[in-house]
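All remarks here apply to the structure that follows.
Every number here is computed from the coordinates shown, using simple stated rules; none is lab data. Owing to the predicted nature of the structure, the values given are computational and were not obtained by experimental measurement. Using ideal geometry, Cβ is built from the backbone for each residue, glycine included, and neighbour counts are taken over all protein chains shown.
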Amino acid sequence: MPSSHETVPSAPPLGGLRVLDLSQNLAGPYCTQILADLGADVIKVEPPGGDPARAWGPPFAGGDSTLFASTNRGKRSIVLDLRTDHGAETVRRLAARSDIFVQSLRAGAAEAFGLGEARLRALNDRLIYCSITAYGDRGPLRELPGYDPLMQAHGGLMSVTGEPGSPARVGTSVVDMGTGLWAAIGVLAALRRRDATGSGEHVVASLYETALAWNAYHLLGYVAEGFVPTPRGTAFPLIAPYEAFPTSDGRLMIAAANDGLFRKLCRALDSAVLLDDARFVDNPSRVLHRDTLATRIGEATRTRTTQALLDTLRAAGVPCAPILDIAAVAAEPQTHASGLVSAITGEDGVEVPTVLSPLMWDGRRRVAQRPPPRTGEDAASILKALDEGDAPES
């Protein structure tokens, strides 16, 4: 666990700003946790019963699912029923005193509750209104709901993931978390523009468009040359050799991404004869003959243990890495050195594990010093401050 001096508790870049967070599940909460880590006061508005993601387990951490715990650090929670006049009106009052409003309601729901962009910005022209949607705000599917695996399927990610003939879902929620990242980037850009103009604007991030963006070079390959990639297991379709190779006790990921690294690899494997083969003279040639090349390299790697091969290739300057499960990753010395796996102590003295932001500023991390909130635990203080007209927490 990192010590307290490794985080930056003072002068957060978004200190004094309030975020009103009506998002649930993963994409929106990931966005607003980033903003909380940067110092914003994030008020999480939960429906009666709480964010459904609290129950998406086991496993659990601090009483909630690890998915919820990993994306709601540093927030305050209030429960409001948007279907009631009181609930919707309280959100409008909070929005009038907020800087950023994030919602991931189904298409048309925000407007039906009186919480659409036009109405809220009429109350607060400086408000940055962020909508996190399934398919964006245009196109024939704009009103459909969506979840991460649906977008991995529809956006083509599954078609390039898995083993040949067997498409698979990426093993982590890359579309949800990517959408949250894009939303946070959009919000930060809108804050920068507001500094210049004094006015907020509407930021839209969508799961489908994030999936398309993650497939950018694949889409371009089809548009430019009609190339349709397929699943290749650990291999990368544009570079060879760039995949996991067999060892005597497992497999090792090797990434010889250019001609110089390929030469180093061949010499480290005592396979310099491959350097004289015209089929392997450069990367385009190696890609065209990747199966033959992979067979030849595999013949050399499978005679060594994973650790011996790792040591040999690293000593030769060839990029490579072991294939670890999550338990091994948690025990990895580099993981400990990073300090990302940490814990936050709540006011009750209970430590809740967390994984910190992967960003550093001047050798330190910024992270909200508060564990994920219990459902509605901050309602009294939020409503009291609203009635008294207090500024947001800094």
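For region 1-147, what does the relative contact order come out to in percent, with C-alpha contacts under 8 Å and a separation of six or more?
Result for region 1-147 is 22 percent.
Would you mind putting 337-344, 153-160 in packing order, based on average other-beta-carbon counts within 10 Å, highest first? Before the final figure, lay out the partial values.
Details: 337-344: 15.6, 153-160: 19.0.
Going from most to least packed, we get 153-160, 337-344.
Evaluate the relative contact order of the chain (contact order divided by residue number), counting alpha-carbon pairs under 8 angstrom at least 6 apart; express in whole percent.
Over the chain, the number comes to 21 percent.
For helix 85-96, what angle does its Cα long axis make with the longest principal axis of the chain, in degrees from 0 to 90 and rounded to 10?
70 degrees
Take the Cβ-Cβ distance between Lys384 and Val170 as r, set R0 to 56 Å, and report the resulting FRET efficiency rounded to the nearest 0.05.
Efficiency, rounded to the nearest 0.05: 0.80.
With a point put 7 Å past each Cα toward its Cβ, work out how far Thr305 is from Phe236 in nm, to one decimal.
Distance between label points: 2.9 nm.
Run lengths n ≥ 4 of DSSP H only: what is the helix-derived mean residue ellipticity at 222 nm for the chain, with -39500 (n - 2.57) per run over all residues, to the nearest 500? Kindly include the intermediate steps, with their values, before the conclusion.
Working: 16 runs with 147 residues, N = 394.
About -10500 deg cm²/dmol.
Need one word for region 242-331: rounded, prolate or oblate. Basis is the Cα gyration tensor (sqrt eigenvalues a ≥ b ≥ c); a/c below 1.5 gives rounded, then a/b vs b/c decides.
Verdict is prolate for region 242-331.
How would you rank Cys31, Cys130, going from fewest to most other Cβ atoms within 10 Å of each one's own Cβ?
Arranged by neighbour count, lowest to highest, Cys31, Cys130 become Cys130, Cys31.
Expressed in nm to one decimal, what extension gain is obtained for the pair Arg138 and Ala107 from 0.36 nm per residue of sequence separation less their Cα-Cα distance?
That pair, Arg138 and Ala107, stretches by 10.1 nm at full extension.
Calculate the tail of P(r) for region 87-153: the fraction of all Cα-Cα distances greater than 14 Å, expressed in %.
Everything past 14 Å amounts to 60 percent.
Taking every pair of alpha-carbon atoms in the chain, give the share separated by more than 32 Å as a whole percent.
46 percent
Using a Förster radius of 35 Å, what is the FRET efficiency between Arg364 and His289 based on their Cβ-Cβ separation? Nearest 0.05, please.
Taking R0 as 35 Å, the efficiency between Arg364 and His289 is 0.15.
Assign unit charges at the C-beta atoms only (+1 for Lys and Arg, -1 for Asp and Glu), then state the dipole size of region 242-331 relative to its Cα centre in Debye, rounded to the nearest 20.
80 debye
Taking 0.36 nm per residue of sequence separation and subtracting the Cα-Cα distance, how much length would be gained by fully extending the chain between Asp282 and Ser248, in nm to one decimal? Each step should come with its number before you reach the end.
Details: separation 34, 0.36 × 34 = 12.24 nm, distance 2.86 nm.
Contour length minus the Cα-Cα distance gives 9.4 nm.
Quickly work out the Thr345-to-Asp195 label distance, labels modelled 7 Å from Cα along the C-beta direction, and quote it in nm with one decimal.
3.5 nm
So how do 17-30, 70-83 stack up, highest first, on mean other-Cβ count within 10 Å?
The densest-packed peptide leads the list: 17-30, 70-83.
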